[in-house]
1. All but one of (1) under 29 Å from Asn204 (Cβ atoms); (2) under 28 Å from the mean Cα position of the chain (by Cα) hold for Thr253; state the number of the condition that does not hold.
2. Condition check: surrounded by fewer than 16 Cβ atoms within 10 Å (Cβ to Cβ) and more than 11 Å from the ligand (Cβ to nearest atom). Does Gly306 satisfy that?
3. Report whether or not Lys295 is charged (D, E, K, R) and crowded, with 18+ Cβ neighbours inside 10 Å.
4. Identify the single condition in (1) within 12 Å of the ligand (Cβ to nearest atom); (2) at pLDDT 90 or above that Gly144 does not satisfy, given that it satisfies every other one.
5. Are any residues in the stretch 548-569 surrounded by 15 or more Cβ atoms within 10 Å (Cβ to Cβ) and charged (D, E, K, R), and if so, which ones?
6. Does any residue in the stretch 512-540 that is of a type in the set (Ser, Thr, Tyr) come within less than 6 Å, Cβ to Cβ, of a residue that is in a helix (DSSP H, G or I) six or more places away or on a different chain, and which pairs are these?
7. Keeping to the stretch 389-418, report how many residues are within 30 Å of Leu576 (Cβ to Cβ) and surrounded by fewer than 12 Cβ atoms within 10 Å (Cβ to Cβ).
8. Does Leu124 satisfy the condition of being under 27 Å from Arg13 (Cα atoms) and of a type outside the set (Val, Ile, Thr)?
Amino acid sequence: MAEQDEVQRVRERIEELRRLIHYHDYRYYVLNQPEIPDAEYDRLFQELRALEEKYPQLVTPDSPTQRIGGIVADGFAPVEHKVAMLSLDNAYSAEELREFEQRMQRLLPGEVFEYVTEPKIDGLGVALLYEKGVLVRGATRGDGRVGEEVTNNLKTIRTIPLVLRGGLKDLKVLEVRGEVYMGRKAFERLNHQLEDAGEPTFANPRNAAAGSVRQKDSSITARRPLDIFIYQVSYAEPFPFKTHWESLEQLKTAGFKVNPLARLCRDMEAVIRACQELEAKRETLDYDADGVVVKVNPLDQQRRLGATTHHPRWAIAYKFPARQAVTKVLRIEVQVGKTGALTPVAHLQPVEVGGVTVSRASLHNEDEVLRKDVRIGDWVVVERAGDVIPQVAQVILKRRTADVKKFVMPKTCPVCGAAASRPEGEAVTRCTNASCPAQLKERLLHFGSRKAMDIEHLGEAVVDQLVDKGLVRDFADLYHLDVKTLADLERLAEKSAANLYHAIQGSRARGLGRLLYALGIRYVGEKAARVLAQRYGSMDRLLKADEEEIAGIYGIGPTIARSLRQWIAQKENVKLIERLRKAGVTMEEEGAGPEEQPLRGMTLVFTGGLESLTRDEAQELVMRLGGKVTSPVSKKTTYVVVGRDPGSKYDEARRLGVKILDEAAFKKLVGL
Ligand code: IVH
């Protein structure tokens, strides 16, 4: 009986936590108006996760903890849409919009039409199914009739409510449609990260969004900065609205993200003005919009107008003029990046696209060239989207002549001549020579970049000369350059040479964290480098650490640990470190390392809020002192730190007899 009471109490707390988290997610992600500090939110989340870990029978699919999936599916199950997801007819001018209205007037003589306009987002169309206010299924558009089930992946998108609020939550069934997209800035960031990890990048935000939603491993989707705008109610039981505009309002109340640029227009002339306004705003948006969707507002008129097999008769997409142009591929060259990735680049007859002269376009990788079937001498459509580098959109096959030449990925690196290889199952071909000059140049630039060794004045022109003249063959060579050698470089005056010399010398004392990042080890980003430096304090200790131990560090994980071990296992890398050491480069991180790690071997669990520091600060402190922070309490837990309003971990600690610290005792432990 007592046990049942306990479960009931936990159930109530879990429900309350979920309600709170859903509410704060909505404030944070949809409204952009958080009400509580992040640490407070984390506390709610951790408490919920701990309770669910202890009572797995209380986990439900709509719990916020279920957003971060990790299930590996073989393929995606087909889903038949409740109502077919049709395409849209297109209009390219105000005139064509007026014709669209005239067609409708012929079908419904004597009626007047009111409209809603919305940006047409260039992303991936999806359908979300809710039963009694709970998200039960998410699917891609697929061919319009049958899509793919991607529920777990879509659940990772924070702007998709797992449970609805307001009136719509009581509907027996509700299916909504929307467009998943990736913002332009987020897209640029993602591509940089992929590039740093030596992975293939995406050609544009739409491909990035589609590729992320169609991931087999939803923990990867969870790390992708996806977002969604909901634009339509496609099915509801019972059906509660009279107009499209009303449905958008209700969708907002239910917790969905609806595009704030949607407008209600009383007639076609107002629609045309709204289209022009959006077109003028196009560049300022953080997402790619390729037009405006114009929809008849009263749903009753929509029903009577009906649809063709291809598109509804009550809606049309006004397409913005494409930022495209036609030009000729003069040659395809291969560039070599920092990680040795060979990227084919099309050199084009210069052409103006939306006010910018374009003479090169990235072709990404071998598969992309084959897929688009781009050949040297072809006429192609090039396209610019937002800030993104120009793309070859398609080949104009009709203009292809007999003398076009196929592109062949070289078997050797075009810069150093070493073998190039493309591992099975990967899209990227790489130069296998670690000291390839092209790679070396990119790596030197990274080494000297602001967040790495921060060597001012070490720019592209200097690096090119240093490598081409054979003055620098690895990072360590930088430290042996003297002012005279530098002053002999082209375009480097005596004063700049002296500045560069001092910048290089000054960079020796940056410390282990920056050095680790600067070395450009795959997956070892800025944050991981900092954590490793804090933990080991010195290069020697890090070199001796085993992979499992590294992988166990909070914030590191197996991928980074493996990559680091592989890097260390290569003799030339160890030699490089020795050469750097001899050149006087600091191999330690000040104030870190095991000598000052009184919490080494200890595991701490936090429950409840602390008064004088946030949860993040407390965790960081424990880690820095060599301890580990976990969520569940077990017999192996050294201490449970109990703050204000502790959760169930407190009871658990008492039950298991784990030592309990209050805030004052914790502060004493960490020397505060
Ligand atoms: S309404 C039956 N509204 O464009 C109504 N679609 O070319 C059809 N899209 O598959 C959809 N933004 O993926 C609608 N505000 C918006 C949209 C939008 C983007 C996409 C959607 C659709 C495609 C049709």
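1. Condition not satisfied by Thr253: (1).
2. Working: surrounded by fewer than 16 Cβ atoms within 10 Å (Cβ to Cβ): yes; more than 11 Å from the ligand (Cβ to nearest atom): yes.
When the stated conditions are applied, Gly306 passes them.
3. Values: charged (D, E, K, R): yes; crowded, with 18+ Cβ neighbours inside 10 Å: yes.
Judged against the criteria, Lys295 is a match.
4. (2)
5. If the condition is that a residue be surrounded by 15 or more Cβ atoms within 10 Å (Cβ to Cβ) and charged (D, E, K, R), then Arg562, Arg565 are the ones that fit.
6. Going by the 6 Å Cβ cut-off, the qualifying pairs are Tyr517/Glu526; Tyr517/Ala529; Tyr523/Thr559; Tyr523/Ile560; Tyr523/Ser563; Tyr536/Leu542.
7. Filtering the stretch 389-418 for residues within 30 Å of Leu576 (Cβ to Cβ) gives 409-418.
Subset that is surrounded by fewer than 12 Cβ atoms within 10 Å (Cβ to Cβ): 411.
Matching residues across the stretch 389-418 total 1.
8. Numbers: under 27 Å from Arg13 (Cα atoms): no; of a type outside the set (Val, Ile, Thr): yes.
Criteria not met by Leu124.
The values are calculated or read from the model by the stated rules, or taken from the named source; none is laboratory data. Quick caveat: nothing in here was measured; it's all calculated off a predicted structure. Cβ: placed from backbone, ideal geometry, glycine included. Neighbour counts: every protein chain shown.
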